[in-house]
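This report concerns only the one structure given below.
The values are calculated or read from the model by the stated rules, or taken from the named source; none is laboratory data. As the structure is a computational prediction, the values presented were derived from the model and not from experiment. Every residue, glycine as well, gets a Cβ built from its backbone with ideal geometry; the counts of neighbours run over all protein chains shown. These accessible areas exclude ligands, DNA and RNA; they are computed on the full protein's heavy atoms, side chains included. Shrake-Rupley method; radii C 1.70, N 1.55, O 1.52, S 1.80 Å.
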Number of protein chains: 4
Amino acid sequence: MKLNGIFAAITTPFAADGSLAADRLRENISRYNRLPLAGYVAVGSTGESVLLTRAEVEQVFSAVREAAAPGRVLVAGVGSESTPETISRCKAAADCGFDYALVKTPSFFKSALTPDALVEHYRRVADASKLPVVLYAIPQFTGVALEADLVARLAEHPNIVGLKESSGNVQRVGEIIAAVPEKFQVVVGSADTLYSSLLLGAAGGILALADCLPELCIELYQAVAASNTAGARELNRRILPASKKLVRQLGIAGVKCAMDYRGYYGGPVRGPLLPLNAAQKREVEAVVNSLVATAAAD
Amino acid sequence: MKLNGIFAAITTPFAADGSLAADRLRENISRYNRLPLAGYVAVGSTGESVLLTRAEVEQVFSAVREAAAPGRVLVAGVGSESTPETISRCKAAADCGFDYALVKTPSFFKSALTPDALVEHYRRVADASKLPVVLYAIPQFTGVALEADLVARLAEHPNIVGLKESSGNVQRVGEIIAAVPEKFQVVVGSADTLYSSLLLGAAGGILALADCLPELCIELYQAVAASNTAGARELNRRILPASKKLVRQLGIAGVKCAMDYRGYYGGPVRGPLLPLNAAQKREVEAVVNSLVATAAAD
Amino acid sequence: MKLNGIFAAITTPFAADGSLAADRLRENISRYNRLPLAGYVAVGSTGESVLLTRAEVEQVFSAVREAAAPGRVLVAGVGSESTPETISRCKAAADCGFDYALVKTPSFFKSALTPDALVEHYRRVADASKLPVVLYAIPQFTGVALEADLVARLAEHPNIVGLKESSGNVQRVGEIIAAVPEKFQVVVGSADTLYSSLLLGAAGGILALADCLPELCIELYQAVAASNTAGARELNRRILPASKKLVRQLGIAGVKCAMDYRGYYGGPVRGPLLPLNAAQKREVEAVVNSLVATAAAD
Amino acid sequence: MKLNGIFAAITTPFAADGSLAADRLRENISRYNRLPLAGYVAVGSTGESVLLTRAEVEQVFSAVREAAAPGRVLVAGVGSESTPETISRCKAAADCGFDYALVKTPSFFKSALTPDALVEHYRRVADASKLPVVLYAIPQFTGVALEADLVARLAEHPNIVGLKESSGNVQRVGEIIAAVPEKFQVVVGSADTLYSSLLLGAAGGILALADCLPELCIELYQAVAASNTAGARELNRRILPASKKLVRQLGIAGVKCAMDYRGYYGGPVRGPLLPLNAAQKREVEAVVNSLVATAAAD
């Protein structure tokens, strides 16, 4: 079980001119290395994966691999619209020394992405990939969900070992956990649902919030692991508004801005994402301050 | 806190000729009285409320009031499309001796049902109602959700005391609980989300599944109350497929059929609902048998 | 072919105390009688059907029947959630001398309203109804659409003679017209889609806009009938923003307010619908003035 | 007005080993050159744009440019998730001698794609592009629509000259045409809505159906242009089921299969799209035969 715990769904830093800032990425990882994070996810949704060129994707993989402390589990976001491109990225991630390939559903040709088409896509990828495959569903962005029945069918493949569920639908998380073998690892993709999903048997979380407030996410994970119900509930109560404001409402620009406030390098987002305006930046600051102050006062 | 525990969202029994079978309803309630259910909800969605005439609604209220054991909390489904009709049904429920008025959102004129319109509707109802009002959102049927901000606004009214949340969206349940005062009672409307919602601080459940499998629902509630995590998780694992098959997939006809198998009076549904076919009846039987057998073997 | 032309989807007038104002309704109809409208639809969506008690429904039927000029085609909105209630209202409309029963899809139990359930519902209603049945789909309010295949299936019933399609989906209108026998009459329910639907072979329109701006709607119908393409396009260009503002954005309150400006009795809406605020009333006035001024300048 | 008429939204041919078959593409274009098509759209949705590598995109542009007869209007699909990548593809299309850049909305970060973000994206692209920009909305695939207000705002940019509207929502097409200056060209992206959209003032169509049944699409366009209403309606009646079966239901695999039956090179689709099974191929054959037979019998 290597997907237990909290993973940072790392952002991709850009310089002021819009180019990839690999140095800044390595610096961020070095700072994360001091915390008991389980590992890092490179080139996920939070990493603006769909806004990167193929060459940039490989530069991010290399930078993360170089900077990560030994023992950190490394997950590579490789899911693309096309099956052959996805397979090609799996190979790049394996060559770079990653541990898992995280494979987002394709989404553009929605009406063609029947369960049979998704099964065929994932089987071809899992057959070809040297890395174990983690499925990834984020239907609020893609319009394509992975329901429990389909996940159970895919979990029969020996090289499909887990699922990142980012729908925010905890009921579905529960159904999936009930439908798959115990060794199949389910992690969730949002801090909002971390607490209830852990209670339902999820292994951990791959979280954008862990980019800017990793301590809080780790604390919640540890409270649940220690069966500290009162503590976990209180942490969850604090995390919910932060997750809503920074991640769901302000998106990647919000997460990057909060990283800047916390001493990481957040930096600009790439178009078509817009930078935060002054009022939004103040909102980020207020959320970060309230949580860090609360933590300090504990 | 009177909405703690498990409530049966009772079905409305019809005779073979389609007319209301008030005797059968009293008999069902008498049997439920032997179990530690917190109370009964009459004329809710599971009670085919939208298929009843106004006269039938009052007959159901009377029958439930007569048959219910002392101490059972009685909740009357009164939500209608029109504000004056809703107020009129609140009065009928109060006259009949019920404890709470459960007020489903209106839904037909969707684009007109802005937060302001919903606030105005609920305030007028709560001002006029002698019974304390419990809000009720079931967006998968109505297309109208009650978000946390709006529930918090409504919770300021002294006669709005709780919410039945039936969306199945546990994330929203968590947000609502975090947004309202502690005395405001949140109950959930589906067995699928009971476990995780109780963990997040929900008071209880108003469940169609408690019509046919009340023991199992009560057991889960008690396991969570006793902090018996392993037991609760195992009960939840058993409840999920039953809830999915009997309630979500087969609907009220499925619940009524399962009631028939368990010795209650289920009987026919009213059109446009269709009766189960033979294969569906066998599915119901299989689900009921597996659960009762498991229970017996415990 | 009796559904050719423009029908007013009449509003239900209420007095200041909220009660039904049958006199005002008769006065409105008397004024409409002077215009070449094809007929009237009583107790449709625009008639706030879901906000009326059963007794009020029958009062509206009677008032319309009394006031309508000979030769006007009378259509009674009778669709209810329950099959028996729908049949009962068909009977009331037939007893009152109406020509057609307009039967909206049920909608509450969405997941149960499969094509088979809808077919069974409509067949039972059409079997029992003395009046010829016109199907009615308004999925933006109900969440239940009638697709071309299903309409074609239903059109085989000898007592199902037409469809009011209010989805605004002109592609679907075209598909339905292509799928049904020529004698099956398709009318549309919004002024926005009247022009393109008539071009695709629709028989006419049942329009809320015809309550306040009947002349304009009739003129467009006549321009298309006379193959006056340039004139029709220009009328359509004028109707679109009026329909959008008065009907789609401001809803029944907007239509009633525009009726007041045009000398009809609009009056208040019933809760949960909200009255217009002052700014919205000025918007209505501006739209009405611009169109009437344009018309006068022609 | 260069977007008048029927454009083939050309498919991208692949060889049996999955590689790009540029020769086959040139052969298809040579055959299309014999017909009065207005031009060709390369690397659109039907061209499996999201499944091509950047290098393949440029190979397709070159092949189309080489093979197209003089006078054919050439439109390059360049829309990508990222603003800089979109600008880079505009440059590639301009360097290759194309006439228009067709810019699909980004779609992945849905909640961030507010009207302001879309305006900023399109302005940056239009500022940087040497080619005039045609907006492109296909919300059934992307979840992102371009409403009339937004199109009108964008139409103020001197280098944004048109819109391809593929939603199938004819009401929206009408609203957009009413909201933009006359010189702004609106074309539709599906044969289903071609007829009614032309009647509402659309300039033409960019059609997948024109890949396999170009004659029929051209005939419909010419009938409308000649004000031959009866002929146009009859052609529309024939086109609707073909468009539904070949394009909407069977998708690109259906279009490619129909191309094979008509003597073009269709060939395989790229994963995750699935090839047709034998029954689906027979359906394609039946549709093609019925239409070609009908045409021959005219």
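Of the trypsin sites (Lys or Arg not before Pro) found in segment A:98-157, those in coil by DSSP whose Cβ has at most 16 other Cβ atoms within 10 Å are A:K130. Buried on complex formation within segment A:194-220 (loss of at least 20 square angstrom of accessible surface versus the isolated chain, 1.4 Å probe, ligands and nucleic acids ignored): A:Y195, A:S196, A:L199, A:L200. Ligands, DNA and RNA left out, the accessible area of chain B computed with a 1.4 Å probe is 52% carbon and sulfur. Determine the total buried accessible area between chain D and chain A, counting protein heavy atoms only with a 1.4 Å probe; round to the nearest 100 Å². Approximately 2600 Å², summed over both chains. Using a 7 Å projection from Cα along Cα-to-Cβ, the label point at D:E215 is separated from the same position in the remaining copies by 5.2, 7.4, 7.6 nm, smallest value first.
Solvent-accessible surface of the protein assembly as shown, taken per residue with a 1.4 Å probe and all protein chains present: 35 Å². Of the residues making up segment B:255-292, those losing 10 Å² or more of accessible area when the isolated chain is joined by the remaining protein chains, with a 1.4 Å probe, are B:R270, B:G271, B:P272, B:L273, B:L274. For segment C:203-273, the square roots a ≥ b ≥ c of the C-alpha gyration tensor eigenvalues yield an a/c of 1.5 or more together with a/b exceeding b/c, which makes the shape prolate.
Show me the trypsin sites (Lys or Arg not before Pro) within segment B:160-251 that DSSP assigns to loop and that have at most 13 other Cβ atoms within 10 Å of their Cβ. Walk me through the intermediate numbers first.
On the way: sites: B:K164, B:R172, B:K183, B:R233, B:R237, B:R238, B:K244, B:K245, B:R248; in loops: B:K183.
Here the sparse-neighbourhood loop sites are B:K183.
Here's how it looks for C:G162: its modeled amide H is under 5 Å from those of C:L135, C:Q185, which are all 5 or more places away or on a different chain. Taking every residue in D:104-117 and counting other chain Cβ atoms within 10 Å of its Cβ, the average works out to 5.
For the peptide D:142-153, the mean number of other protein chain Cβ atoms found within 10 angstrom of a residue's Cβ is 1.
Hey, got the average number of other protein chain Cβ atoms within 10 angstrom for residues in D:170-176?
The per-residue average across the peptide is 6.
Phi-derived couplings, Karplus 6.51 cos²θ - 1.76 cosθ + 1.60 at θ = phi - 60°, listed residue by residue for segment A:54-62: 4, 5, 5, 3, 5, 5, 5, 3, 4 Hz, with x used for Gly and Pro. Remark: label point of B:G263 defined 7 Å out from Cα along the Cα-Cβ vector; separations to the same position in other copies 6.7, 7.5, 7.8 nm, ascending. Net charge of the neighbourhood of C:Y136, taken over other residues with C-beta under 11 Å away and scored Lys/Arg +1, Asp/Glu -1, is +1.
Just to confirm the filter: which trypsin sites (Lys or Arg not before Pro) across segment A:28-80 are DSSP coil and have at most 15 other Cβ within 10 angstrom of their Cβ? Sites meeting the loop and neighbour criteria: A:R34. Highest mobility in the GNM of chain A, judged by mean-square fluctuation with C-alpha springs under 10 Å and restricted to A:G71, A:G204, A:G143, is found for A:G71.
Given a Förster distance of 30 angstrom, what is the FRET efficiency for B:A278 paired with C:E147, based on the Cβ-Cβ distance and rounded to 0.05? Provide the component values of the computation, followed by the final result.
Details: r = 28 Å, r/R0 = 0.94.
Calculated value: 0.60.
Placing R0 at 60 angstrom, the Cβ-Cβ distance between A:L35 and D:Q222 gives a FRET efficiency of 0.30 after rounding to 0.05. Accessible surface for A:D17 stands near 120 Å², nearest 10, in the context of the full protein assembly shown (1.4 Å probe).
The label-point distance for A:R124 and C:T114, in a model that sets each label 7 Å from Cα toward Cβ, rounds to 3.3 nm. Charge tally around D:V119: other residues with Cβ under 15 Å, Lys/Arg +1 each, Asp/Glu -1 each, net -3.
In nanometers and ordered shortest first, the copy-to-copy spacing of the D:P70 label point, defined 7 Å from Cα toward Cβ, is 7.2, 7.4, 10.3.
For the protein assembly as shown, what is the percent of antiparallel DSSP beta bridges, rounded to the nearest 5? All intermediate terms of the calculation are to be shown ahead of the outcome.
Working: 4 of 120 bridges.
In the protein assembly as shown, approximately 5 percent of DSSP beta bridges are antiparallel ones.
Chain C's nearest residue to the axis relating it to B, judged by Cβ and reported with the distance in whole Å, is C:G143, 3. When restricted to Cα atoms, chain B yields an Rg and a Dmax of 18.0, 54 Å, respectively.
List the pairs from D:K2/D:K130; B:K164/B:K245; A:K2/A:K183 whose alpha-carbon separation is above 20 Å, in the order I gave them. Pairs exceeding the cut-off: B:K164/B:K245.
Which net charge results for the neighbourhood of D:V186, defined as the other residues with beta-carbon distances under 9 angstrom from its beta-carbon, given Lys and Arg at +1 and Asp and Glu at -1?
On the way: positive: D:K164; negative: D:E165.
Net charge around D:V186: 0.
Would you work out if the protein assembly as shown is rounded, prolate or oblate? Take a ≥ b ≥ c from the square roots of the eigenvalues of the alpha-carbon gyration tensor; rounded if a/c is under 1.5, else prolate when a/b is larger than b/c, oblate otherwise. It is oblate, given that a/c is not under 1.5 and a/b is not larger than b/c. In straight-distance terms, cross-link reach from B:K244 covers every one of the lysines whose alpha-carbon lies under 18 Å from its own, apart from those fewer than eight places away in the same chain; here that gives B:K256, B:K281, C:K110.
Classify segment D:132-277 as rounded, prolate or oblate, taking a ≥ b ≥ c as the square roots of the eigenvalues of its Cα gyration tensor: rounded when a/c is under 1.5, otherwise prolate if a/b is larger than b/c and oblate if not. Could you put the intermediate results ahead of the total?
Details: a/c = 2.20, a/b = 1.36, b/c = 1.62.
In terms of gyration-tensor shape, oblate.
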